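To start, the structure itself, in structure tokens.
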Amino acid sequence: MTAAQVPLGIDGAESAKRVLVAILIGFVLFHVNVGLEVNIGKLPTINVLNGTDVLLPCTFHSCMDYKNSEFKWTFQKNKTDELQTIIRIRLKGKTPNVIKEKDSRVELIGQVKLKNISLLLANVDFEDTGFYTCFFKNPQEKNQEVNSTIRLIVLSEFLQVDNTLTYLILSIVGGVIGILILLFIIKKLVMFLVKQVGKKKKECLVNSCAHTERGHYSSKADIKSPPKA
């Protein structure tokens, strides 16, 4: 019997089985983590003026169907506070049923069919400062739930940014670039003038040589000519 024909022992078979199970579990977990997500955009903190309206963005993604899914937004004044649900969105199939549980100023402006559950919070005041979390639970993915949090800061006025240093840096950089361009132009001009002067000298030298040779031949002709009787 060759080595390829030797059957695996019980221990070897059990080890192979455990490795296979571990790989499958890892694949499933990876698939769940990648396949289900919510996204609040690139700004985890939003600053807004008191008395204005603010958009709280949230989109979701699922590799599987999302019918009968549940969404909700919660609010916390501080991270240690208990979560307060402000709005729920329950899908019957893919038709949303919106339930406001706290504040009539909150409105769902995202379209679930576009995988968007963004909120509009109208006429914000200082009490609205806090953490807003968007949740997504999908029964098609074994009721896995994901969430993402935005921090909202309500201000009385936006801070005026002193741009003096920025303008100074830009002025210096612009001046340096201008000087470099001027030096480049001067260099090109000098090289052009040197080239022209060299060209003139070369033409003069050629003409001088031509005159010298003609004068030399003329002198020889005068010497060899016989005297007249």
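If we scan the range 95-103, do we find a residue that is touching a His at 6+ places or on another chain (Cβ under 9 Å) and in contact (Cβ under 8 Å) with a residue 12 or more places away in the chain?
So far as the range 95-103 goes, no, none of its residues is touching a His at 6+ places or on another chain (Cβ under 9 Å) and in contact (Cβ under 8 Å) with a residue 12 or more places away in the chain.
Could you list, in sequence order, the residues of the range 94-103 that are open to solvent by less than 60 Å² (accessible area, probe 1.4 Å) and in contact with an Asp or Glu (Cβ under 9 Å, 6 or more places away or on another chain)?
103 - this is the single residue of the range 94-103 that is open to solvent by less than 60 Å² (accessible area, probe 1.4 Å) and in contact with an Asp or Glu (Cβ under 9 Å, 6 or more places away or on another chain).
Of these, 108, 55, 91, which one is in contact with a strand residue (DSSP E or B) (Cβ under 9 Å, 6 or more places away or on another chain) and open to solvent by less than 30 Å² (accessible area, probe 1.4 Å)?
91
So which residues in the range 53-66 are in a strand (DSSP E or B) and more than 18 Å from residue 121 (Cα to Cα)?
Matches in the range 53-66: 60, 61, 62.
Go through the range 111-128 and count every residue that is open to solvent by less than 40 Å² (accessible area, probe 1.4 Å) and either β-branched (Val, Ile, Thr) or within 27 Å of the chain's Cα centre (by Cα) (or both).
Matching residues across the range 111-128 total 5.
Residues 83, 24: which one is modelled with pLDDT of 75 or more and out of contact with any His (no Cβ under 6 Å at 6 or more places or on another chain)?
Matching residue, one of 83, 24: 83.
The values are calculated or read from the model by the stated rules, or taken from the named source; none is laboratory data. Note that the coordinates shown come from a computational prediction; the quantities given were computed from them, not determined experimentally. Neighbour counts are summed over all protein chains in view; Cβ atoms, including those assigned to glycine, are modelled from backbone coordinates with ideal geometry. These area figures cover heavy atoms from the full protein model, side chains too; ligands, DNA and RNA do not enter into them. Shrake-Rupley method; radii C 1.70, N 1.55, O 1.52, S 1.80 Å.
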